[in-house]
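Student: There's a structure below that I have some questions on.
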Amino acid sequence: MASEPVRTDLEEKIDQLFRVISNVGRGDYTTRLAADVPDDSAFHRLFGGVNEMIEALAAQEQRNVDYQRELEDKLATIDQQRAAIRELSTPIMEVWDGILCLPVVGVMDSSRSADMTDALLRAVVSTRARCTIIDITGIEVMDTSTADHFIRMAKAVQLLGAACVLTGLNPQIAQTLVHMGVELEGLITHRSLRDALQHFVGQRRGARAR
């Protein structure tokens, strides 16, 4: 039986060097080359340089991990802030038994309209509301696109079996809509939130009296 060839010290060191570099290539920065090399040896400088390189790569990898974790935390915070902003920008209140009110302030766009409609429809279902009031007292300017958003919102609410009215139109908006020929088709309007609330409450009392 032939004996296995004896490996030289040079072969051992080269093999160790390749193993460590291979580990680094796989993302393992924990291994290091042996330090028990004579100071006057060429391998001492080579091993020291490789170990320093691995240390630098390990430090950079840790910085990357820390940065990724910090970025994920910031993104999570941003998502939470966005959710909070959406809730604050869509404050749906039950102002009377079965009567919801959605006060709208600021500029309406497609994204905000979709969020408002979704929130309002969910509230109608969860509270079993029979009446909804969209109050636009906080809106100073309305164009055809904005009016269309409210018409679509009202129709969606009506499909769930709840009445929907628009309140808070100021004289400027009323004149603008008339000038542009915009018709709030199928959307009942009241001068103020108070008027709409009195209308709904009066209807209920009349129905109970009958």
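Student: Could you give me the residue pairs with C-beta distances under 6 Å whose first residue belongs to region 128-154 and is in contact (Cβ under 8 Å) with a residue 12 or more places away in the chain and over 15 Å from His190 (Cα atoms), whose second residue is in a helix (DSSP H, G or I) and open to solvent by less than 20 Å² (accessible area, probe 1.4 Å) wherever it lies, and which are 6+ apart or on separate chains?
Tutor: Met142/Ile173; His149/Ser113
Student: Among the residues that make up region 178-186, is at least one of them of a type outside the set (D, E, K, R), surrounded by 12 or more Cβ atoms within 10 Å (Cβ to Cβ) and in contact with a strand residue (DSSP E or B) (Cβ under 9 Å, 6 or more places away or on another chain)?
Tutor: Taking every residue of region 178-186 in turn, at least one turns out to be of a type outside the set (D, E, K, R), surrounded by 12 or more Cβ atoms within 10 Å (Cβ to Cβ) and in contact with a strand residue (DSSP E or B) (Cβ under 9 Å, 6 or more places away or on another chain).
Student: With respect to Phe200, is the statement that it is under 17 Å from Asp97 (Cβ atoms) and touching a residue at least 12 places away in the same chain (Cβ under 8 Å) true?
Tutor: Against the criterion (under 17 Å from Asp97 (Cβ atoms) and touching a residue at least 12 places away in the same chain (Cβ under 8 Å)), Phe200 qualifies.
Student: Test each condition in (1) of a type outside the set (Val, Ile, Thr); (2) surrounded by 13 or more Cβ atoms within 10 Å (Cβ to Cβ); (3) free of Cβ contacts under 8 Å to residues at least 40 places away in the same chain for Glu94 and report the one that comes out false.
Tutor: The number of the failed condition is (2).
Student: In region 152-210, which residues are modelled with pLDDT of 85 or more, part of a loop (DSSP other than H, G, I, E, B) and on the phi < 0 side of the Ramachandran plot?
Tutor: Result: Leu160, Ala162, Leu169, Asn170, Arg191, Ser192.
Student: Moving to a separate point now. Among (1) touching a helix residue (DSSP H, G or I) at 6+ places or on another chain (Cβ under 6 Å); (2) assigned to a loop (DSSP other than H, G, I, E, B), where does Ala129 come up short?
Tutor: Ala129 satisfies all of (1) touching a helix residue (DSSP H, G or I) at 6+ places or on another chain (Cβ under 6 Å); (2) assigned to a loop (DSSP other than H, G, I, E, B) except (1).
Student: Now, a different point. Please find, within region 1-30, the residue that is modelled with the highest pLDDT out of those that are among the hydroxyl-bearing types (Ser, Thr, Tyr) and within 47 Å of the chain's Cα centre (by Cα).
Tutor: Ser22
Student: May I ask you to list the residues in region 97-140 that are of a type in the set (Gly, Ala, Ser), buried (at least 16 other Cβ atoms within 10 Å of the Cβ) and over 14 Å from Ala163 (Cα atoms)?
Tutor: Ser113, Ala119 - these are the residues of region 97-140 that are of a type in the set (Gly, Ala, Ser), buried (at least 16 other Cβ atoms within 10 Å of the Cβ) and over 14 Å from Ala163 (Cα atoms).
Student: A further question follows. How many residues does region 128-157 contain that are in contact with a strand residue (DSSP E or B) (Cβ under 6 Å, 6 or more places away or on another chain) and of a type outside the set (A, V, I, L, M, F, W, C)?
Tutor: 3
The values are calculated or read from the model by the stated rules, or taken from the named source; none is laboratory data. All figures in this text were calculated on a predicted structure; none of them were measured in a lab. Please note: Cβ atoms are built from the backbone with ideal geometry, for glycine as well, and neighbour counts cover all protein chains shown. Remember, those area values only see protein heavy atoms, side chains included, never the ligands or the DNA or RNA. Shrake-Rupley method; radii C 1.70, N 1.55, O 1.52, S 1.80 Å.
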